[in-house]
Amino acid sequence: MKIVYFFLTLIVHLLIIVNLKLLDNFNSILMIFLFSILIGLAIKLFSKNRSTNLKHLGWGILCGSITTVTLLLIAMIWLGYNFPK
C-alpha cells in the first residue's frame, strides 16, 4: 500500500500544478508541498500505535511530497538553463 499511496501522491501533486498553472508562481507551489509534507509527517508520527494502513498513507504522502518537490526543483533548474530565449 505504501507504493500505491506514493504514486497517488505524485499524480495528485502534478495534476494540481498543471491544472492550476502554478509553474510561474514557485512560492505557492512550495507552500502547497510544505503543507503536504507536514500532513504526511503528522499522520506518520501520530499513527504509531494505530493501523498500518494509516502509517502507509502517512509514508506515501510524506515521501511523495518530498519526491515531487525534488523533481520540481530539478525541472525548474533545467528550464532555467535550457529555456529558449
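Just so it is clear, none of the values below were taken in a lab; they were calculated from the coordinates. Being a predicted model, the structure only gives us computed values, none of them experimental. Cβ coordinates were reconstructed from backbone atoms using ideal geometry, including for glycine residues, and neighbour counts include every protein chain displayed.
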Hey, what number do you get for the chain at 222 nm if only DSSP H runs of n ≥ 4 count, each worth -39500 (n - 2.57), divided across all residues, to the nearest 500?
-29500 deg cm²/dmol
Computed about the Cα centre, the charge dipole of the chain from +1 Lys/Arg and -1 Asp/Glu charges at the Cβ has a magnitude in debye, to the nearest 20, of 300
What FRET efficiency do you get for Lys2 and Leu30 if R0 is 22 Å and r is their Cβ-Cβ distance, rounded to the nearest 0.05?
0.35
Taking Cα centroids, how far is region 1-21 from region 34-59 in Å?
17
So what are the ³J(HN,Hα) numbers for region 7-19, from phi and the Karplus equation (6.51, -1.76, 1.60; θ = phi - 60°), rounded to whole Hz, Gly and Pro as x?
5, 5, 5, 4, 5, 5, 5, 5, 5, 4, 5, 5, 6
Per residue, the convex hull enclosing the Cα atoms of region 2-82 spans a volume in Å³ of 77
